[in-house]
Ligand code: NAD
Ligand code: DAU
């Protein structure tokens, strides 16, 4: 099978390609613009595989994208390329509209035209898999879960741009018959996550002796999933997911932000004690809240578990230890990432 993966130099896309190379005989063409968030080092050994090709390309570039489809002749597309950080979307929404909405539209048009020229068998087996987020559903109160039927209510520019892309993908299926599947996932964590996101940012700041900036009261809740469990769910949804269907993916692992940060500090105290012997938790500092900060996300992932047989392998405790060890052992990757961003506060310009 030949697969186009967009955003394959990013956090989740690289985990998908590493898994494809390890567990299948598929051939991959990675389309990635290599923004500040993309790094080919994140592919690890898969970067050198003869089954992995790469084009540095913006998904808004229709001609370039058409060329890759024409030359590579994919059986499926896994679309992960996106601007992905909520705080950056508050400061500067333009790139989010461009990549997440216009880029997805461009890719859909290229895929539709390519798909339209396949023979009947190729048409039937083709799949456009759109990788999306639970943030499209907005915010939960203390009770309840996001299901595949939850009403869309995006609150940040990032979430709105992803909601827009989900609607486009759905429409290309309903109107043109393009075979699609959409997955909406909760917060991922694990190796190779860009250190602007909560968990890797806190690890970097802790070991650098900086304050650990917890937004608001630290009582917002996220549902954490280890990235390799997400990658496994994505490969399953691509292969076994029903055309036109949506699947929610989540970790069943709700934590308040302050719980996450305190857990990180305790584990770091064991794995890499601070020089003065003081717990990293002494560095915790409550700061001004994120504008429009969603209170709680929690996923009901019954559908993907029952219909496709997906079972996550990691618990939060096992995954977080692996993650901390990875960041402690991969200083060079972190150094390269921090060339573009030094940990300053982002996303306050909405208040
Ligand atoms: P990321 O920011 O780590 O990586 C995004 C990748 O896309 C980068 O390699 C970047 O270079 C590339 N890219 C950005 N703009 C591009 C463009 N115009 N053309 C081509 N490539 C471009 O993101 P991630 O965390 O790996 O997220 C991947 C996808 O999964 C996104 O669609 C995101 O919305 C979704 N998602 C993420 C999470 C999460 O917790 N990180 C959870 C659910 C869904
Ligand atoms: O739910 C899925 C989404 O999860 C994905 O679609 C996004 O791409 C991904 O970035 C993530 O969005 P969040 O906004 O939830 O992730 P972030 O790591 O930015 O923040 C997690 C929580 O931690 C959130 O409640 C804000 C808080 N936070 C974040 C940072 C960066 C802090 O308290 N301090 C911080 O410095």
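Brief remarks on what is shown
- The residue of segment 9-28 that is farthest from ligand 1 (Cβ to nearest atom), among those that are surrounded by fewer than 24 Cβ atoms within 10 Å (Cβ to Cβ) and not in a helix (DSSP H, G or I), is 25.
- Once segment 75-102 is narrowed to residues that are closer than 15 Å to residue 38 by Cα and near ligand 2 (Cβ under 10 Å from one of its atoms), the residue that is surrounded by the most Cβ atoms within 10 Å (Cβ to Cβ) is 82.
- Leading residue by the ranking (farthest from the chain's Cα centre (by Cα)) among those in segment 104-117 that are within 15 Å of ligand 1 (Cβ to nearest atom) and in contact (Cβ under 8 Å) with a residue 60 or more places away in the chain: 111
- Residue list for segment 189-198, filter: crowded, with 24+ Cβ neighbours inside 10 Å and either in a strand (DSSP E or B) or within 8 Å of ligand 2 (Cβ to nearest atom) (or both): 189
- Within segment 301-351, no residue satisfies the criterion of being in a helix (DSSP H, G or I), in contact (Cβ under 8 Å) with a residue 24 or more places away in the chain, under 21 Å from residue 86 (Cα atoms) and more than 21 Å from the chain's Cα centre (by Cα).
- Considering (1) within 16 Å of ligand 2 (Cβ to nearest atom); (2) under 30 Å from residue 248 (Cα atoms); (3) assigned to a helix (DSSP H, G or I), the lone condition that residue 292 does not fulfil carries the number (3).
- Only one of the listed residues (96, 69, 53) is modelled with pLDDT of 95 or more, in contact with a helix residue (DSSP H, G or I) (Cβ under 6 Å, 6 or more places away or on another chain) and more than 12 Å from ligand 1 (Cβ to nearest atom). That residue is 69.
The values are calculated or read from the model by the stated rules, or taken from the named source; none is laboratory data. Keep in mind that this is a model prediction, so the values were computed, not measured. Note that we place each Cβ from the backbone using ideal geometry, even for glycine, and neighbour counts take in every protein chain shown.
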